[in-house]
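Here the structure is laid out as structure tokens; the discussion comes afterwards.
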Amino acid sequence: MKVVIAALTAPTNLNGVSRHAANLVRGLLAQPDAPEIHFLAGEWQQRMFGAAIARADSRLHVHWIPLRHNNFSRIRWYYDDLPAVVAQLYADVVHMTCPAPLRARAFGCPGVVSLHDLYPFDIPGNFGSIRSRFTRMLMRDCLMRIDAIACVSAYTQTRLAAWLPPQVCQKALTIPNAVEPLLAGAQRPPDALRGGEPFVLCIAQHRQNKNVPLAIQAFASALNSKALPWNARLLVLGISGPDTPRILAEIDRLHLDRRVILLNGITDPELRWCYRNSLFLFAPSSIEGFGLPIAEALIAGCPVVCSDIPAFREVGGARCRYVAVNREAIDGYIAAFRDVLLLPRPAGASMPEFAPSTIGSRYLELYRRLIGLPTMPQHGILRHPISIERKAEAPVSPV
């Protein structure tokens with residue numbers, strides 16, 4: 001079997017979507033009958049994916065696409081160039097790691113898309129009014145045309161049912177994100193934390209649903225009420241975005257410029273050090289598609305204080321300290337801070353259900369079902385098996 005994985009996205013530092021792409025590759029290669037994989041990413045992603053995949057394997061072929069690093073170029077590439085690349089490679093399956101423009105039946109083979117969330121519909125403030133309308137149109141069109149939709153959580157699948165018609169939802173199934181323990185080895189703190197002060201870790205892009213201004217307010221209140229050590233700091237890891245001005249304004253308003261650190265693009269050894277040495281992970285999101293930092297923190301033995309939302313419950317189970325998302329949230333967070341700091345630090349959790357090898361097996365089963373090969377029946381991959389007739393295509397110029 002030959003699988004093309006299309007992973008061109010904007011960020012040059014790892015986020016949830018790019019980690020999903022890297023772990024998808026790792027999970028597929030862990031299978032005894034692993035397919036031949038052609039991984040497509042932008043030249044600007046070379047350093048990021050090179051470090052995240054970090055694997056030499058004769059079954060893996062990585063293609064760095066020379067392309068202008070802007071939204072229009074990426075959209076045009078997915079719509080015009082990806083079908084030609086898939087035809088050139090004679091792929092059996094193409095897997096897009098997030099929704100992207102798609103021409104109907106352009107691939108000549110089954111297509112899968114990973115669906116991480118329905119933010120353009122559920123929380124358009126993440127994008128702005130004009131961009132959110134365009135993103136909704138693009139996402140709806142992709143989900144209507146694709147052959148199978150792999151939702152990263154049961155909650156994401158319920159949101160799909162809330163916004164898209166039944167014929168789209170019938171193509172959907174839930175396959176969680178893979179979560180791989182961050183590798184041991186030369187752990188080291190980011191330069192900003194070399195002073196040794198205690199710190200709270202918050203992993204969040206600067207988007208409305210992440211509630212970073214609320215995190216800053218709760219942190220300030222906890223300092224004032226002595227729920228946290230007097231010299232504690234708040235480390236916010238995540239790329240800038242629409243909420244960055246609000247975050248900076250809140251830091252300025254509360255005079256926390258020396259207490260709140262905004263960083264992005266740290267290395268995996270630095271991230272693992274942060275999980276192992278932070279007082280706890282703080283995740284006050286109002287909505288999420290999947291709780292990757294929750295899972296990574298629990299595996300690393302880091303206590304977790306988070307909002308009580310379905311995606312976090314799916315991942316964290318009874319291991320986290322949950323706080324209701326309401327007007328009393330700050331008081332709830334302060335109480336939770338006090339509680340977790342009184343408890344012994346937990347041992348690292350074993351979460352085999354999210355292991356890349358487990359998730360890779362489920363994706364391989366999906367691919368086999370789509371192209372009509374025998375497959376194990378226990379997961380119930382799709383309600384209706386899909387039969388795709390391959391179209392003969394002339395080879396195109398090399399990638």
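The values are calculated or read from the model by the stated rules, or taken from the named source; none is laboratory data. Nothing here was measured: the structure is a model prediction, and the numbers come from that model. Heads up, the Cβs are rebuilt from the backbone with ideal geometry, glycines too, and the neighbour counts pull from every protein chain shown.
Here is a list: 212, 113. Which entry is outside the structural domain of residue 246 (by TED's automatic domain parsing) and touching a residue at least 12 places away in the same chain (Cβ under 8 Å)?
113
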Query raised in the report: Can you tell me which of 112, 86, 152, 94 is surrounded by 20 or more Cβ atoms within 10 Å (Cβ to Cβ), under 27 Å from residue 242 (Cβ atoms) and in contact with a strand residue (DSSP E or B) (Cβ under 7 Å, 6 or more places away or on another chain)?
Result: 152
Query raised in the report: Does residue 107 meet the test of being out of contact with any Asp or Glu (no Cβ under 7 Å at 6 or more places or on another chain), aromatic (Phe, Trp, Tyr), modelled with pLDDT under 95 and closer than 23 Å to residue 207 by Cα?
Result: no
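Yes/no per residue for (1) free of Cβ contacts under 8 Å to residues at least 24 places away in the same chain; (2) in a helix (DSSP H, G or I); (3) closer than 29 Å to residue 203 by Cβ; (4) out of contact with any Lys or Arg (no Cβ under 8 Å at 6 or more places or on another chain):
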position	(1), (2), (3), (4)
49	no, yes, yes, yes
63	no, no, no, yes
67	no, no, yes, no
75	no, yes, yes, yes
85	no, yes, no, yes
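Residues are listed down the side, and each one gets a yes or a no for (1) buried (at least 16 other Cβ atoms within 10 Å of the Cβ); (2) over 18 Å from residue 216 (Cα atoms):
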| residue | (1), (2) |
| --- | --- |
| 249 | no, no |
| 253 | no, no |
| 285 | yes, no |
| 295 | yes, yes |
| 307 | yes, no |
| 332 | yes, no |
Query raised in the report: When you scan region 158-172, how many residues do you find that are surrounded by fewer than 19 Cβ atoms within 10 Å (Cβ to Cβ) and in contact with a Cys (Cβ under 8 Å, 6 or more places away or on another chain)?
Result: 1
**Report entry** 1 or more residues over 30 Å from residue 369 (Cα atoms): qualifying helices (runs of 4 or more DSSP H) within region 122-223
**Finding:** 129-145
Query raised in the report: Given the residues 41, 22, 100, which is the only one that is within 22 Å of residue 153 (Cα to Cα), touching a Phe, Trp or Tyr at 6+ places or on another chain (Cβ under 7 Å) and outside any helix (DSSP H, G or I)?
Result: 100
Report task. Working only within region 154-189, note down all residues that are more than 28 Å from residue 83 (Cα to Cα) and among the polar types (S, T, N, Q). Result -> 158, 187
Query raised in the report: Hey, does region 54-63 have a residue that's assigned by TED's automatic domain parsing to the domain that holds residue 171, of a type in the set (A, V, I, L, M, F, W, C) and modelled with pLDDT of 90 or more?
Result: yes
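Restricting attention to region 130-143, does a residue exist that is crowded, with 19+ Cβ neighbours inside 10 Å and in contact with a Pro (Cβ under 6 Å, 6 or more places away or on another chain)? First the steps, then the outcome.
Restricting attention to region 130-143, the residues satisfying the condition of being crowded, with 19+ Cβ neighbours inside 10 Å are 139, 142-143.
Right, trim to in contact with a Pro (Cβ under 6 Å, 6 or more places away or on another chain) and you get 139, 142.
Yes: one or more hits.
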